[in-house]
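The values are calculated or read from the model by the stated rules, or taken from the named source; none is laboratory data. Keep in mind the model is a prediction, meaning the values are calculated, not measured. When the accessible area is computed, the model is the full protein with side chains, heavy atoms only, and any ligands, DNA or RNA have been set aside. Shrake-Rupley method; radii C 1.70, N 1.55, O 1.52, S 1.80 Å.
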Amino acid sequence: MSKEIETLQCMIDESNKIVFFGGAGVSTESGIPDFRSVDGLYNQKYDYPPETILSHTFYQKRPDEFFRFYRDKMLFLSAEPNTAHKVLAKLEAQGKLTAVVTQNIDGLHQAAGSKKVLELHGSVLRNYCEKCRKFYDVQEIIDSSGVPTCTCGGRIKPDVVLYEEGLDQYILQEAVRVISDADMLIIGGTSLAVYPAAGLIDYYQGNKLVLINKTPTQRDTMANLVITGSIGEVFSQLDLHE
């Protein structure tokens, strides 16, 4: 066990109000690509970059193209929770972790057994009619073609936060609350480049701030512990005391 893993283990052992804040790097280990890092691939098939297609403006103006991309590149329903998801669910079950705050939209934290999951950017598993608010599960999107429509004739929108859209204020406020109350904040699989989500780190008051990422982040100098590596590999080395 490396010195960094030993330090992380000690911090976890001493903590009872851990909050985990995660980004795309948590899901890539389940085979879900981080579209930010592979724009070139997508541009071979689409006329616009992902950030444009996944914007509110584009969704309104070109819904056909939006849903073609969305079905093709945003739905990974065969993905399974990985070590990181499972370790976090176990820490919560042990009463040590109070919440997971995630930028991911794949529902894998819940699939692993986590109960308190604050999804900053929504979830592909939830969809609703923009007209009558009727709920639809993800299968409805998969089975439909073109722009999915409700029985009332309204358009069905995925419950995900698109570029140009604001975050759900209740979820944002709850994330601020749990992070403010945390005695340990573990941040993993995110470069902390996307705001307002990245600004949540500023609400942490404690002295056990851990950053785990494959590449340096903009906030490394703030952290009490920085571990460069994959979140799953790091978590797999922990002893979670049965």
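What residues have an amide H closer than 5 Å to that of LYS208, excluding those fewer than 5 places away on the same chain, when H is modeled at 1.01 Å from N in the peptide plane?
Here LEU185 satisfy the definition.
What is the extension gain from ARG177 to GLU165, computed as 0.36 nm multiplied by their sequence separation minus the C-alpha to C-alpha distance, in nm to one decimal?
Full-extension gain reported as 2.1 nm.
Based on Cα coordinates alone, diagonalise the gyration tensor for the range 93-242, multiply each eigenvalue by 5, take square roots, and list the semi-axes in whole Å, largest first.
Rounded to whole Å, the semi-axes are 33, 17, 15.
So how exposed is SER78, as accessible area in Å² (1.4 Å probe, rounded to 10)?
Near enough 110 Å² of accessible area.
For the full complex of protein chains and a 1.4 angstrom probe, list ARG68, ARG155, ARG133, ARG126 by accessible area with the highest value first.
ARG133, ARG68, ARG126, ARG155
How large is the Kirkwood hydrodynamic radius of the range 180-242, in angstrom, based on all distinct alpha carbon pairs?
12.4 Å
Which lysines, if any, have their Cα less than 17 Å from the Cα of LYS131, not counting same-chain residues under 8 positions apart?
LYS157
Would you tell me the accessible area of ASP183, worked out with a 1.4 angstrom probe on the heavy atoms of the protein chains, in Å² to the nearest 10?
50 Å²
Among all the aspartates and glutamates, which ones have a C-alpha under 18 Å from LYS134's C-alpha, if same-chain residues fewer than 8 places away are not counted?
Cα-Cα hits under 18 Å: ASP143, ASP159.
Per the helix-only calculation at 222 nm, which mean residue ellipticity applies to the chain, given -39500 (n - 2.57) for every DSSP H run of n ≥ 4 and division by its residues, nearest 500 deg cm²/dmol?
Result for the chain: -9500 deg cm²/dmol, rounded to the nearest 500.
What are the aspartates and glutamates whose alpha-carbon lies under 17 Å from the alpha-carbon of LYS61, with same-chain residues fewer than 8 places away excluded?
ASP47, GLU51, GLU130, GLU164, GLU165
Under a 1.4 angstrom probe, counting protein chains only, how are ARG71, ARG62 ranked by accessible area, largest first?
Per-residue accessible area, sorted high to low, gives ARG62, ARG71.
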